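Notes follow once the structure below has been shown.
The values are calculated or read from the model by the stated rules, or taken from the named source; none is laboratory data. Small disclaimer: the values here were computed from a predicted structure and weren't measured. Neighbour counts run over all protein chains shown; Cβ positions are idealised from the backbone, glycine included.
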Amino acid sequence: AAPDPAEADFAVHRQRYVALQQQMEHEIAGLRARLRTALAARTAPAGRLAMLDAVMEQVLGPREQAVLAAVPGMLEPHFTRLRGAEGAWLNEFRRDMQSVLLAELEIRFQPVDALLAALRES
């Protein structure tokens, strides 16, 4: 079956990707803040680690956001290449986009994993 004409336009997929990025960023930032609060309540060294994480987020966050904001645009040539192919190109693109989103989630989640590990050890 032919894809919905709207689905054949990359702008729809870019908008979806950006919305998911924003949701990830918002949810993970909240979780990270809650974990820092819990860590700071444990011990003085844990509190310093929580403070260090807050500083790192403040310093590195804008760079991370700028780099990750470029990802949707990097998917466009792949979308265009697949669109010119025969077969279920749209399903293939959706799978690829999902894989990229999962990789991005893994990157964004690394500080959360570190804070959880610190909480377990404190």
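Taking the stretch 25-122 as the region of interest, the helices (runs of 4 or more DSSP H) fully inside it that hold 2 or more residues being farther than 30 Å from residue 14 by Cβ are 44-69, 89-121.
Checked against (1) more than 11 Å from the chain's Cα centre (by Cα); (2) in a helix (DSSP H, G or I); (3) surrounded by 15 or more Cβ atoms within 10 Å (Cβ to Cβ), residue 17 meets all criteria but (1).
Looking at residue 36, is it of a type outside the set (A, V, I, L, M, F, W, C), surrounded by 13 or more Cβ atoms within 10 Å (Cβ to Cβ), under 26 Å from residue 119 (Cβ atoms) and under 14 Å from the mean Cα position of the chain (by Cα)? No: the conditions fail for residue 36. Pairing residues of the stretch 18-40 that are within 23 Å of residue 75 (Cα to Cα) with residues that are acidic (Asp, Glu) and modelled with pLDDT of 95 or more, at Cβ distances under 8 Å and at least 6 apart in sequence or on separate chains, gives 21/104; 24/104. Would you call residue 39 of a type in the set (A, V, I, L, M, F, W, C) and touching a Leu at 6+ places or on another chain (Cβ under 6 Å)? It is true that residue 39 is of a type in the set (A, V, I, L, M, F, W, C) and touching a Leu at 6+ places or on another chain (Cβ under 6 Å). The set of residues from the stretch 60-99 being hydrophobic (A, V, I, L, M, F, W, C) and either surrounded by 16 or more Cβ atoms within 10 Å (Cβ to Cβ) or touching a residue at least 40 places away in the same chain (Cβ under 8 Å) (or both) comprises 68, 69, 71, 75, 79, 82, 89, 90, 93, 97.
With the structure loaded, tell me whether residue 19 is modelled with pLDDT of 95 or more, among the small types (Gly, Ala, Ser) and in contact with a helix residue (DSSP H, G or I) (Cβ under 8 Å, 6 or more places away or on another chain) or whether it fails that test. Considered against the rule, which asks whether it is modelled with pLDDT of 95 or more, among the small types (Gly, Ala, Ser) and in contact with a helix residue (DSSP H, G or I) (Cβ under 8 Å, 6 or more places away or on another chain), residue 19 comes out as no. Sub-6 Å Cβ pairs linking a first residue in the stretch 111-122 that is more than 18 Å from residue 64 (Cα to Cα) to a second residue that is among the polar types (S, T, N, Q) and not in a helix (DSSP H, G or I), at least 6 apart or interchain, are 122/43, ordered by first then second residue.
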